Amino acid sequence: MLVRFKNFLRNLTLSQRFMIASLVILLAGMLGIGTWIEKQIEAGVIHRTGVTTALYVDSFVAPNLQELGFSSELQPVHVETLSKLVQSTPMGRQIVAFKVWDTRGRLLYSTDQTTTGRTYPMHEGLLRARLGEVVSEISPLEREENAPLAELHDQLLETYSPVWLSGTDQVIAVAEFYQLTEDLESEIGVLKRRSWVVVGISILVIYLLLSFFVRRASDTITQQQAELGRKVTQLTALLSQNRELHERVRRAAASVAFLNESFLRRVGSELHDGPAQDLGLSLLKLDSLAGRLEARSPEQIDPLDLTQMVEVQSSLSAALKEMRGIAAGLSLPQLSELSLPETVIRAVRSHERRTGTQVVLELENVPDQVAEPLKITVYRLIQEALNNAYRHAGGIGQQVRVFGENDRLVVTISDSGPGFQPEQHAGWDGHLGLVGMRERVESIGGLFKIVSHIGQGTRVIAHLPFRLEGESLDE
């Protein structure tokens, strides 16, 4: 049963839950308010009846009890008058029993003569009336002096009214009246029913107004939720498009790396097969010409021509060497068959052979198989950083450290040269320079940093992801 109730509540909308909860709260409030009003009506009717009785006492009873201010007994004439008042007046005919108490709890007069003259314990009603207060209540007739009445009635309206000494504020006696409760209960019942009708209508109006406002608020919230849902859907679609565009950019960057390498390989091949061949042929011809000149006698040779020819030969030799170095640097070795550690070793050893310097190499936790764009980036990064270390630091303290860290590859190339202030240089001299190295690293989602200080050498640091977006492009 409890599970069904929970499922029922879970299937309700927020507004329906609120209306059920508010209905329960309003009903509880209606019960509380109605009960409180019932008690107030009952107390008010009883008090009004008591006030009417007190007025009767002041008008008809008190004048016959004035001797109690000077005597402890009632005169027979006054006793007879009291009996007539109970029997002959309209108010008296509504009275079932009538008693007169002195201020010490002795019964001076009673319609039940068997109790007259007896003293009873002072109870709350008598004490409050002796202090000048009119007290009315529905009595179950449980006290000793009410035993004869209890045999005839289940309950009566009991009223205690103080009797004042004329012209003073002294209470000289207490008049007690017992009246039937049928008319009183009928009046109270009518007033209670009216009060319940008023409370019920008020609660119903409040609930209807509350339902109206909650319904409007619920409709507004539903519309806003629908609008928010549409915006979230649009935002999700935009995010999906952004991710797709981001992946396209990544794939395009990886493709650019391959295109760059193809272009560089072609340029290197053309330099080697074109200008380099021409320069080599020119040098051969110069060597042949120099041999013929040397075969002539010194008188037949102009020393200035010989000197200029030697200078041209030297310049052409240097240009040929430089062009061959450029062509070798532009031509990337075949890396598809090499592992990542072998790629690093190839880049370092190639630099050592070309420059005749030593490079300290450290490899740690380097995986064998990675995407080819990553191998190309690592090779070019090491190549360019070592070239700059050779050019600007003379190859002093060259060191390459490559290690795996979580899901990233960390590459550090350092030297012990003079260093520089990176913030004062837009880039380095060289084939690619600082900007080129940074773009290569960042194009595959890596992080690039230069650390250098005057007199403390230079460190090139790159953090590269092992897994690249669009790895299938290396096929």
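The values are calculated or read from the model by the stated rules, or taken from the named source; none is laboratory data. Just so you know, these numbers come straight off a predicted model, no measurement behind them. Reconstructed Cβ throughout: ideal geometry from the backbone, glycine too, with neighbour counts over all protein chains shown.
Which is closer than 19 Å to Glu405 by Cα and touching a Leu at 6+ places or on another chain (Cβ under 7 Å), of Val370, Val359? Give the derivation first.
Values: Val359 fails: closer than 19 Å to Glu405 by Cα.
Val370 is the lone residue from the list that is closer than 19 Å to Glu405 by Cα and touching a Leu at 6+ places or on another chain (Cβ under 7 Å).
For the range 433-459, residues that are farther than 14 Å from Leu374 by Cβ and assigned to a helix (DSSP H, G or I) total 7.
Give the range 97-133 a look and list any residue that's among the hydrophobic types (A, V, I, L, M, F, W, C) and surrounded by 18 or more Cβ atoms within 10 Å (Cβ to Cβ), or say none. Can you show your working first?
Quick first cut of the range 97-133, residues among the hydrophobic types (A, V, I, L, M, F, W, C) only: 97-98, 100-101, 107-108, 122, 126-127, 129, 131.
Ala97, Phe98, Val100, Trp101, Leu107, Leu108, Leu126, Ala129 - these are the residues of the range 97-133 that are among the hydrophobic types (A, V, I, L, M, F, W, C) and surrounded by 18 or more Cβ atoms within 10 Å (Cβ to Cβ).
In the range 107-134, the residues that are farther than 21 Å from His78 by Cβ and assigned by TED's automatic domain parsing to the domain that holds Val79 reach residues that are among the acidic types (Asp, Glu) and assigned to a helix (DSSP H, G or I) with C-beta atoms within less than 8 angstrom, at least six apart or across chains, in these pairs: Tyr120/Glu144; Tyr120/Glu145. I want to confirm something. Restricting to the range 1-49 and keeping residues that are at pLDDT 85 or above and among the polar types (S, T, N, Q), which single residue is farthest from the chain's Cα centre (by Cα)? Looking at the filtered set, the residue picked out is Gln40.
Conditions (1) touching a Cys at 6+ places or on another chain (Cβ under 7 Å); (2) surrounded by 15 or more Cβ atoms within 10 Å (Cβ to Cβ); (3) at pLDDT below 85; (4) farther than 23 Å from Pro341 by Cβ, marked per residue:
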{"position": "Ala385", "(1), (2), (3), (4)": "no, yes, no, no"}
{"position": "Ala389", "(1), (2), (3), (4)": "no, yes, no, no"}
{"position": "His392", "(1), (2), (3), (4)": "no, yes, no, yes"}
{"position": "Gly397", "(1), (2), (3), (4)": "no, yes, no, no"}
{"position": "Val402", "(1), (2), (3), (4)": "no, yes, no, no"}
{"position": "Val411", "(1), (2), (3), (4)": "no, yes, no, no"}
{"position": "Pro418", "(1), (2), (3), (4)": "no, yes, no, yes"}
{"position": "Ala426", "(1), (2), (3), (4)": "no, no, yes, yes"}
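The condition of being closer than 18 Å to Phe403 by Cβ and either modelled with pLDDT of 90 or more or part of a helix (DSSP H, G or I) (or both) does not hold for Glu322.
Can you pull out every residue in the range 174-194 that is over 30 Å from Glu67 (Cβ atoms) and either touching a residue at least 12 places away in the same chain (Cβ under 8 Å) or acidic (Asp, Glu) (or both)?
Quick first cut of the range 174-194, residues over 30 Å from Glu67 (Cβ atoms) only: 180-194.
Those that are over 30 Å from Glu67 (Cβ atoms) and either touching a residue at least 12 places away in the same chain (Cβ under 8 Å) or acidic (Asp, Glu) (or both): Leu180, Thr181, Glu182, Asp183, Leu184, Glu185, Glu187, Ile188, Leu191, Lys192.
Take the conditions (1) out of contact with any helix residue (DSSP H, G or I) (no Cβ under 9 Å at 6 or more places or on another chain); (2) in a helix (DSSP H, G or I); Leu191 misses just one of them, which is (1).
Among residues of the range 195-224 that are not assigned by TED's automatic domain parsing to the domain that holds Gln40, those with a Cβ under 7 angstrom from a residue that is aromatic (Phe, Trp, Tyr), sequence gap 6+ or separate chain, pair up as Val214/Phe18. Could you tell me whether the range 171-184 includes any residue that is closer than 30 Å to Leu27 by Cα, outside any strand (DSSP E or B), within 60 Å of the chain's Cα centre (by Cα) and not small (Gly, Ala, Ser)? No, every residue in the range 171-184 fails to be closer than 30 Å to Leu27 by Cα, outside any strand (DSSP E or B), within 60 Å of the chain's Cα centre (by Cα) and not small (Gly, Ala, Ser).
For Ala62, the criteria (1) at pLDDT 80 or above; (2) surrounded by fewer than 18 Cβ atoms within 10 Å (Cβ to Cβ) hold in every case but one, which is (2). Specify the residue that is surrounded by the most Cβ atoms within 10 Å (Cβ to Cβ); the eligible residues are those in the range 335-358 that are among the small types (Gly, Ala, Ser) and more than 26 Å from Gly394 (Cα to Cα). Of everything passing the filter in the range 335-358, Ser339 is surrounded by the most Cβ atoms within 10 Å (Cβ to Cβ). Before we move on, is Val205 assigned to a strand (DSSP E or B), farther than 21 Å from Gln40 by Cβ and β-branched (Val, Ile, Thr)? Judged against the criteria, Val205 is not a match.
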